[in-house]
Amino acid sequence: MDSQREVLGIVNRSSDWSEELCGLSESSISRWLQVNSLPNSSRVAVLLRQISEKLFFLATKSQEQVTEEYKALSKDLQLLANDLQTELG
């Protein structure tokens with residue numbers, strides 16, 4: 001949940017958007033892209049979808065023992081969030 005808030009904060013810091021991103025579900029991302037006139041092929045769209053996929057996987061694993069795969073995905077998620085922050089300036 002903290003990671004999702006972090007990503008939403010990164011996106012919503014910019015005042016360039018007509019509307020803030022309010023979630024990381026596929027429908028939320030698609031709607032946000034459309035409202036803000038961003039193409040699905042944009043780097044921001046790709047990063048948001050990658051982050052969303054990793055967050056979903058991590059959320060389903062959160063009750064299990066922390067594995068090496070979980071640790072690797074957490075690291076990947078942080079790298080993607082950093083890329084998103086860089087992309088958005």
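A short reminder: the numbers here are calculations on the coordinates, not readings from a lab. Keep in mind it's a predicted model, so treat the numbers as computed, not measured.
The base-10 log of I(q)/I(0) for the range 2-88, evaluated at q = 0.14, 0.18, 0.20, 0.22 Å⁻¹, reads -0.47, -0.74, -0.90, -1.05 [Debye formula, identical scatterers on Cα atoms, solvent excluded]. Stretching L88 away from V35 to a fully extended chain increases their span by 17.4 nm, per 0.36 nm per residue minus the current alpha-carbon distance.
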